[in-house]
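The values are calculated or read from the model by the stated rules, or taken from the named source; none is laboratory data. Keep in mind the model is a prediction, meaning the values are calculated, not measured. Cβ: placed from backbone, ideal geometry, glycine included. Neighbour counts: every protein chain shown. Heads up: the accessible areas ignore ligands, DNA and RNA and are worked out on the full protein's heavy atoms, side chains in. Shrake-Rupley method; radii C 1.70, N 1.55, O 1.52, S 1.80 Å.
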2 protein chains.
Amino acid sequence: MTRTTNATSGKTSEARTRLLNTATRIFYTEGIHSVGIDRVIAEAQVTRATLYRHFSGKEDLVLAYLDQADRMMRGQLADAQAGTGSAVDAVRAVAKAITDGIRSQGFRGCAFLNAVAEYPDPTHPVHQAVLRHREWFLDTVTDLLARIGDTPADADARHLVMLRDGAMAAGCLFDPALIADTFLRGVEGIVQSRMQARTPVD
Amino acid sequence: MTRTTNATSGKTSEARTRLLNTATRIFYTEGIHSVGIDRVIAEAQVTRATLYRHFSGKEDLVLAYLDQADRMMRGQLADAQAGTGSAVDAVRAVAKAITDGIRSQGFRGCAFLNAVAEYPDPTHPVHQAVLRHREWFLDTVTDLLARIGDTPADADARHLVMLRDGAMAAGCLFDPALIADTFLRGVEGIVQSRMQARTPVD
DNA sequence: TCAACGAGACAGAACGTTCTCCCTCGCATG
DNA sequence: CATGCGAGGGAGAACGTTCTGTCTCGTTGA
């Protein structure tokens with residue numbers, strides 16, 4: 001997580017920004033292992049030395065890529081929830097944000113699921129970054145669902161995350177509109193079942 | 001899809017079998033792009049020449065790996081359905097086969113979802129092999145669910161496949177027992193809703 | 001006799017990484 | 001104001017390693 005800043009101003013380097021944005025675009029679109037450093041520095045229009053001035057290596061660049069994606073997603077979820085009155089609306093807004101992503105052009109699945117497929121080793125920093133992100137997401141969804149009804153939200157949250165994972169995985173392998181529709185129906189089912197606020201089954 | 005057979009007997013070469021089994025194990029466990037053919041030929045205890053005698057290249061080996069996985073999965077599903085009386089039992093048997101896989105040691109997610117994460121190009125043979133496999137699976141699930149109730153099965157089948165994709169993706173990133181439990185609950189919900197056999201909502 | 005396989009050298013390319021050299025700003029100090 | 005210094009960046013050579021793929025030659029066994 002190298003974060004170089006201009007010595008004088010507090011702004012981050014332009015070259016670093018270009019580098020990270022280019023890496024994000026290429027890694028997300030084409031994968032990580034199949035993309036060499038040469039591709040990134042060429043399309044970012046920087047030199048090799050510049051890359052290694054800002055990042056300790058390719059792995060560091062990958063971690064920065066995932067870190068940026070993580071921040072963006074947290075921001076997206078915060079924005080989606082903002083302005084919603086009820087918890088139900090908040091869940092629906094989050095679900096809509098997800099389907100908007102799936103329907104958007106250039107959608108290539110979940111950056112974290114894609115990354116972890118290339119880093120199966122649980123001890124690898126990239127793998128662990130994915131696990132941290134997923135832990136945050138599950139916790140966030142659990143808190144959100146807990147505000148609907150009075151039953152424990154853990155199982156429903158896992159259910160929703162499972163649907164999301166499936167939707168994100170299949171969104172670029174099948175008709176995105178159908179995937180989005182299926183996901184939204186599933187989420188609505190979870191919401192409806194929680195709104196009845198029955199006592200726990202177990 | 002090179003398929004070399006011994007000229008005299010109709011049996012496939014032992015070296016080829018060793019090669020393919022080794023490739024299956026390593027590709028599934030560690031990914032594809034991060035594994036060189038040196039690893040495969042070393043652990044399969046064959047020479048480089050033998051590999052290129054049976055496969056035209058690494059890509060061909062990857063395709064054979066996925067082809068074998070596809071055949072195994074079709075066999076698993078057929079076995080799971082065999083001996084089940086009702087369609088409901090068949091669906092439950094398929095679901096159990098899936099959760100058995102998730103709970104099994106060495107589970108690393110869906111071989112096809114993992115592979116497609118490394119081959120995002122839709123025109124690539126590996127990517128297309130994944131799409132063919134997924135098409136078959138969705139069709140199979142659709143036929144299976146159509147035998148329960150009298151409502152159109154397409155939406156429910158997409159729902160079940162989405163749950164499966166999520167379960168397979170998260171099965172090696174979270175507690176497999178909880179993932180399996182969540183998946184089975186979701187499948188049971190689909191089955192129950194179909195058993196009520198109400199008329200189509202649309 | 002002939003196909004399958006082992007052993008290993010080899011080529012050519014791509015990989016990530018480090019290196020030197022030079023230029024150009026911005027700014028702090030004399 | 002002038003000077004100089006250091007950081008950021010460009011250009012590119014070079015490192016050693018690894019990769020896929022091809023090659024020759026010897027051996028085995030049906």
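Sort out which residues of segment A:114-128 are closer than 17 Å to A:MET168 by Cβ and open to solvent by less than 20 Å² (accessible area, probe 1.4 Å), and write them in order of number.
A:ALA115, A:VAL116, A:ALA117, A:GLU118
Condition (residue is under 30 Å from B:GLY57 (Cα atoms), of a type in the set (Phe, Trp, Tyr), open to solvent by less than 40 Å² (accessible area, probe 1.4 Å) and within 11 Å of chain A (Cβ to nearest Cβ)) applied to segment B:172-185: is it met by at least one residue? Within segment B:172-185, none of the residues are under 30 Å from B:GLY57 (Cα atoms), of a type in the set (Phe, Trp, Tyr), open to solvent by less than 40 Å² (accessible area, probe 1.4 Å) and within 11 Å of chain A (Cβ to nearest Cβ). The number of residues in segment B:143-161 being farther than 25 Å from A:ASN114 by Cα and either crowded, with 17+ Cβ neighbours inside 10 Å or touching a strand residue (DSSP E or B) at 6+ places or on another chain (Cβ under 9 Å) (or both) comes to 9.
Taken over segment B:14-45, the criterion of being away from DNA strand D (no atom under 11 Å from the Cβ), within 22 Å of B:ARG71 (Cβ to Cβ), away from every other protein chain (no Cβ under 14 Å) and of a type outside the set (D, E, K, R) is satisfied by B:ALA15, B:THR17, B:LEU19, B:LEU20, B:ASN21, B:THR22, B:THR24, B:ALA44. Consider A:LEU131 carefully, then state whether it is at pLDDT 95 or above, open to solvent by 50 Å² or more (accessible area, probe 1.4 Å), closer than 21 Å to A:ASP67 by Cβ and of a type in the set (A, V, I, L, M). Spelling it out, A:LEU131 is indeed at pLDDT 95 or above, open to solvent by 50 Å² or more (accessible area, probe 1.4 Å), closer than 21 Å to A:ASP67 by Cβ and of a type in the set (A, V, I, L, M). All of (1) farther than 19 Å from B:THR182 by Cα; (2) more than 13 Å from chain B (Cβ to nearest Cβ); (3) not acidic (Asp, Glu) hold for A:LEU145 with one exception: (1).
Please determine whether any residue of segment B:93-104 is over 26 Å from A:GLY171 (Cα atoms), at pLDDT 95 or above and in the same structural domain as B:MET162 (by TED's automatic domain parsing). Can you show your working first?
Initial filter on segment B:93-104 (over 26 Å from A:GLY171 (Cα atoms)): B:93, B:104.
When the remaining residues are screened for being at pLDDT 95 or above, the result is B:93, B:104.
Cutting the leftovers down to in the same structural domain as B:MET162 (by TED's automatic domain parsing) gives us B:93, B:104.
Looking through segment B:93-104, at least one residue is over 26 Å from A:GLY171 (Cα atoms), at pLDDT 95 or above and in the same structural domain as B:MET162 (by TED's automatic domain parsing).
The condition (being away from DNA strand D (no atom under 16 Å from the Cβ) and touching a helix residue (DSSP H, G or I) at 6+ places or on another chain (Cβ under 9 Å)) is satisfied by just one residue among A:ARG48, A:ARG92, A:ARG53, A:ARG71: A:ARG92. With respect to the conditions (1) modelled with pLDDT of 95 or more; (2) more than 11 Å from A:MET162 (Cβ to Cβ); (3) open to solvent by less than 50 Å² (accessible area, probe 1.4 Å), B:ARG164 falls short on a single one, namely (2).
Identify the residue in segment B:48-70 that is aliphatic (A, V, I, L, M) and surrounded by 16 or more Cβ atoms within 10 Å (Cβ to Cβ) and, among all such residues, is nearest to DNA strand C (Cβ to nearest atom). By that ranking, first place goes to B:LEU51.
Screening A:GLY186 with (1) within 23 Å of the chain's Cα centre (by Cα); (2) of a type outside the set (A, V, I, L, M); (3) in a loop (DSSP other than H, G, I, E, B) gives one miss only, at (3). Do you know which residues across segment A:74-127 are touching a Cys at 6+ places or on another chain (Cβ under 8 Å) and facing another protein chain (nearest Cβ under 10 Å)? Within segment A:74-127, A:ARG108, A:GLY109, A:PRO120 qualify.
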